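Okay, so here's the structure we're looking at.
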Amino acid sequence: MSNEETVTITDNSTGKQVTLPLYKPTAGPKVIDIGSLYKELGYFTYDPGFMSTASCSSAITFLDGGKGVLQYRGYPIEQLAEQSSYLEVCYLLLNNRLPNSNELDQFTNTITRHTMLHEAMIRFYSGFRRDAHPMAIMVGCVGALSAFYHDHMDIHNEEHRMITAYRLVAKMPTIAALSYRHANGKPFVYPRNSLSYTENFLHMMFSMPTEEYVPDPLLAKALDLIMILHADHEQNASTSTVRLAGSSDANPFAAVASGIAALWGPAHGGANEAVIRMLIDINQSGKPLQAFVDRAKDKNDPFRLMGFGHRVYKNYDPRAKLVREVCHKLLKDMEATGEQQKLLETAMALEKVALEDDYFVERNLYPNVDFYSGIIFLAMGIPMNMFTVIFAMARTIGWITQWIEMMSDSELKIGRPRQLYNGAIDLDYVPIDKR
Ligand code: CMC
């Protein structure tokens with residue numbers, strides 16, 4: 001990041017000028033450092049939704065929304081999707097380099113050996129109602145991890161921070177699978193060290209004590225790929241939430257729990273569940289696809305095409321392209337049911353209608369990562385309310401890597417945005433009997 005260039009801002013009302021540094025990142029738009037603006041001019045900046053604001057500097061993930069580029073630590077997502085594995089990507093994100101085979105073995109071994117939960121954590125589940133949304137259970141349980149690893153953890157200690165990352169990456173599949181087992185009244189299944197990361201998740205989700213269960217390698221591979229694609233996505237709502245919560249030196253498990261809460265919303269990670277509900281509605285309605293596209297365009301109707309549009313991508317989301325390919329392949333290889341094929345056909349037809357519609361063309365609205373991922377999850381036998389849980393499981397490495405980066409930053413300050421106040425001022429209190 002160099003800052004030889006500057007930008008000068010003139011206050012037209014006073015003629016006062018302030019010169020601000022302009023940083024040149026390794027890639028992406030230049031960034032004006034407005035840190036001294038308030039001191040110099042007495043003004044704040046106003047940017048609801050952070051449309052033009054870089055909230056931090058980061059060396060983890062790069063995306064170019066115009067070109068549809070996504071890179072983790074400089075490696076294009078397409079190469080990682082084709083050649084890497086989820087755990088290798090976790091190593092890459094955490095260590096800023098690809099591991100050699102010994103390092104990857106060691107890392108895999110460490111993650112494998114942290115997958116168990118404290119038995120008291122397991123009892124925690126029985127406090128939730130059976131019909132609780134698994135995301136609600138996950139927020140609670142990940143937050144509860146802070147009660148188990150608080151006293152002997154020093155967030156200012158580099159090694160402790162890494163151990164926290166290992167614990168989270170290792171325990172998330174166990175927490176996720178137990179949420180599902182609880183909701184379905186099925187016996188809890190412990191992790192198995194002989195299985196790979198995603199095989200182990202499938203084992204904890206689907207095996208029964210009464211029968212031998214062999215995870216399908218096809219499903220484990222597809223899930224691993226989906227996990228790679230969801231591993232990090234720079235400063236989105238949930239990641240920014242983790243950073244903000246963590247900036248007060250809060251417990252990292254609690255900070256990650258706050259990220260899970262932010263992810264849950266249908267505008268963010270909850271969209272994968274919403275897409276399938278929408279596709280089912282479309283199929284059941286018997287109405288033409290254009291009717292739904294027209295509803296999405298109608299500003300008086302809250303309906304939006306779920307899985308479409310993105311704050312940063314104004315081009316095809318590169319993750320969506322990859323997920324669509326996997327979806328096709330998996331449904332074909334698995335000889336999926338007619339119902340699953342029908343969902344895929346509807347999704348593809350809807351994409352075509354939307355991409356030919358002026359409204360979507362003018363606004364650069366393309367399918368995002370959530371548009372096809374739900375169909376894959378359904379084909380795997382994963383129920384709809386678990387989709388966002390899997391997103392959270394995959395994104396955990398991104399959240400904790402971003403937290404580690406923030407905690408290692410010597411310039412770390414507690415996050416504290418300012419506001420444009422537009423409420424009442426200087427009122428006189430009126431006693432209750434006089435109102
Ligand atoms: N359907 C219909 N219109 C849309 C859609 C959509 N899915 N997305 C955006 N628009 C319109 C929006 O109404 C606005 O129109 P106008 O300029 O006339 O007011 C314009 O496109 C720009 O949209 P915006 O809401 O200002 O854009 P944003 O950057 O604030 O929102 C978004 C991005 C993802 C929240 C939004 O596109 C959306 O709600 N999409 C549907 C939900 C979804 O799929 N979310 C998953 C996001 S990707 C995975 C993740 O990050 O978790």
| query | When you look at Tyr125, is it buried (at least 19 other Cβ atoms within 10 Å of the Cβ) and touching a residue at least 24 places away in the same chain (Cβ under 8 Å), yes or no? | reply | yes
Cβ pairs under 7 Å, 6+ apart or interchain, first in region 12-34 and small (Gly, Ala, Ser), second in a strand (DSSP E or B) and surrounded by 14 or more Cβ atoms within 10 Å (Cβ to Cβ), ordered by first then second residue, are Ala27/Phe62; Gly28/Phe62; Gly28/Asp64
Among residues of region 71-91 being acidic (Asp, Glu) and out of contact with any strand residue (DSSP E or B) (no Cβ under 9 Å at 6 or more places or on another chain), the residue surrounded by the fewest Cβ atoms within 10 Å (Cβ to Cβ) is Glu82
Of Tyr372, Tyr366, Tyr359, the only residue that is at pLDDT 90 or above, over 21 Å from His268 (Cα atoms) and more than 15 Å from the chain's Cα centre (by Cα) is Tyr359
Given the conditions (1) of a type outside the set (Lys, Arg); (2) over 18 Å from the mean Cα position of the chain (by Cα); (3) within 17 Å of Leu225 (Cα to Cα), every one holds for Leu93 apart from (2)
Of (1) in contact (Cβ under 8 Å) with a residue 40 or more places away in the chain; (2) in a helix (DSSP H, G or I); (3) more than 9 Å from the ligand (Cβ to nearest atom), Ser238 satisfies every one except (3)
Of (1) touching a Lys or Arg at 6+ places or on another chain (Cβ under 9 Å); (2) crowded, with 17+ Cβ neighbours inside 10 Å; (3) modelled with pLDDT of 95 or more, Gly68 satisfies every one except (3)
By residue number, the members of region 385-397 that are out of contact with any Gly (no Cβ under 7 Å at 6 or more places or on another chain) and among the aliphatic types (A, V, I, L, M) are Met386, Val389, Ile390, Met393, Ala394, Ile397
Looking across region 322-347 at residues that are surrounded by 13 or more Cβ atoms within 10 Å (Cβ to Cβ) and among the basic types (Lys, Arg), the single one that is farthest from the chain's Cα centre (by Cα) is Lys342
For this session: Would you check if Thr26 is of a type in the set (Val, Ile, Thr), closer than 30 Å to Ala262 by Cα and exposed (fewer than 14 other Cβ atoms within 10 Å of the Cβ)?
Result: yes
TODO: Determine whether Val7 is surrounded by 13 or more Cβ atoms within 10 Å (Cβ to Cβ) and free of Cβ contacts under 8 Å to residues at least 40 places away in the same chain.
DONE: yes
Reported set for region 381-392 where residues are within 21 Å of Trp264 (Cβ to Cβ) and away from the ligand (no atom under 14 Å from the Cβ) is Ile382, Pro383, Met384, Asn385, Met386
Tell me, please, whether a residue that is over 16 Å from Gln235 (Cα atoms), assigned to a helix (DSSP H, G or I), away from the ligand (no atom under 12 Å from the Cβ) and at pLDDT 95 or above can be found in region 397-405.
no
Here the qualifying pairs (Cβ atoms under 8 Å; residues six or more apart or on different chains; first in region 287-314 and in contact (Cβ under 8 Å) with a residue 12 or more places away in the chain; second more than 10 Å from the ligand (Cβ to nearest atom) and of a type in the set (Val, Ile, Thr)) come out as Leu289/Ile282; Leu289/Thr346; Leu289/Val353; Gln290/Val353; Phe292/Ile282; Val293/Val353
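The values are calculated or read from the model by the stated rules, or taken from the named source; none is laboratory data. Since the model is a prediction, treat every value here as computed from it, not as a measurement. Methodologically, a virtual Cβ is constructed for each residue, glycine included, from the backbone with ideal geometry; neighbour enumeration extends over all protein chains shown.
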